[in-house]
Each structure stands twice: as C-alpha cells, then as structure tokens.
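What follows is one structure encoded as structure tokens, with my remarks underneath.
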C-alpha cells in the first residue's frame, strides 16, 4: 500500500521543480521551448542513472516512476510541438522534435553507463 | 499564485493523482511480451487531452489559474512522462525486440504529435459547436 505514496511524493517534487524551471522560460527571451527540452533530456539522464545504480524497488519507485516520471512530461512537449506547427514555424517544430527524441534517448543511455 | 507554498500544495494534489493514474495503468496494461502499453496509453491520452484542456475547457468553465496549474502542470504533466519512454525504448532495444521497438517508437512519436494536433481541432470544433448552439438558442 505504500507504493502509491512513493510514486505520488516523488512526482510532486518532480512537478514542482518542472514548474519552477518552466517559469524561467519567459525570462530567457529565447523563442524556443528550451526549458522543456532541458527538463526531458535531464530527466532521461537521471532515470538512466537511477535505473543502473538503485536496486531497491521502493526507492526506484520514488525516484524513477515518481520523481523522473513527474519531472519529465510528454503532454507539454507535444502541446508545444503542435503550437509551433499551427504557428507555421515548421523549422523550429522539426528541430524541437528531433532534439528531444535523439538527445532524450541518448541521455538515458549515457545515464545508464555513467 | 505568488506564494510557493500554495503552488506546491496544488501541484502536490495534481501530481499525486496524475502519477498514480500512470502507475495504475502500468500495472493494468502489462502484456506478457513486455510491450510498455501502460506508458503508451498514458502518454497518448495525455497528449490528446492537454490541448483540449488549455484551448477549450479553460474558457468553457472559466477555470482559474489555480485549477489550470493543478490540472495541466500537476495532473497531466505527471500523468505523461518522457523519461519512462526513453527507458522503455532502451529496454526493447537491449532485449532485441525489434518489432515491438518499432511499433512503440512509431506509436509514441507519430501518435503523440498527431493526437496533440487532434486535441487542438477537437477544442476548436467544440468551441464552434457551443457558439453555433448559443446563436440558435438566441434566435429561437
């Protein structure tokens, strides 16, 4: 019965950090969703590290399924992609798409092997 | 919304619900061949609903910034996940399940984008239907 608590607490910290970082996007004055890109790549690296280093199921639920799952986001990523699409900024849309998937997957592999 | 403690409380509620919905789906949708169906279901449904929430439900029900923070950043942000997707991809690659890897990548990458586009159209269609209904009622 403790598993939902571990997942929920981990995700809360992850979501709070994600929100704090996303709030910085407006201040950056960069016309590209670089904050979500960073969150998703960094979260994938972290999950790789946790997966390789942590062998306790409960702690992995807290930090992996909970924290990394709550920190990274697939919904916002695709929402931002669709916004770029509807704004006809197709170059940025494609770049965001490619950078997220390539460096996200590479990030996890790097994390596993650190 | 300035107070961090308040933001934390709303995200606590939202993230608790969202992450556990995803966790529940990963326990329910668990095919014996190891296909990450739970993550896929969570990510695709979340990708569809988020634009609908932001572009339709927010206006339709006059949702406050607190409710939107809880539902979008909290629930849907934690319900969907990118890191688990990369972990699933690596696992299928490592175990040499090429067909499952191909299906998973295609459905996630193409499906996520297509459903987010569809969510925008769904929101626009719904808003238009509401408007048309309202005009009809005003005329009659």
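The values are calculated or read from the model by the stated rules, or taken from the named source; none is laboratory data. Quick caveat: nothing in here was measured; it's all calculated off a predicted structure. Heads up, the Cβs are rebuilt from the backbone with ideal geometry, glycines too, and the neighbour counts pull from every protein chain shown.
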If you check B:63, B:44, which single one turns out to be closer than 27 Å to residue A:110 by Cα, buried (at least 17 other Cβ atoms within 10 Å of the Cβ) and more than 8 Å from every other protein chain (Cβ to nearest Cβ)? B:44
Could you please find all residues in the stretch A:86-96 being more than 8 Å from chain B (Cβ to nearest Cβ) and surrounded by fewer than 19 Cβ atoms within 10 Å (Cβ to Cβ)? A:87, A:88, A:89, A:90, A:91, A:92, A:94, A:95
I need the full set of residues from the stretch A:3-24 which are in contact with a helix residue (DSSP H, G or I) (Cβ under 7 Å, 6 or more places away or on another chain) and loosely packed, with under 15 Cβ neighbours inside 10 Å, in order please. A:24
List the pairs whose first member sits in the stretch B:76-100 and is more than 7 Å from chain A (Cβ to nearest Cβ), whose second member is assigned to a loop (DSSP other than H, G, I, E, B), and whose Cβ atoms are under 6 Å apart, counting only residues at least 6 apart or on separate chains? B:88/B:36; B:100/B:35
Please state which one of A:106, A:99 is surrounded by fewer than 24 Cβ atoms within 10 Å (Cβ to Cβ), at pLDDT 95 or above and under 27 Å from residue B:11 (Cβ atoms). A:99
With respect to the numbered conditions (1) under 30 Å from residue B:102 (Cβ atoms); (2) surrounded by fewer than 18 Cβ atoms within 10 Å (Cβ to Cβ); (3) modelled with pLDDT of 95 or more, which one is the sole condition not fulfilled by residue B:76? (2)
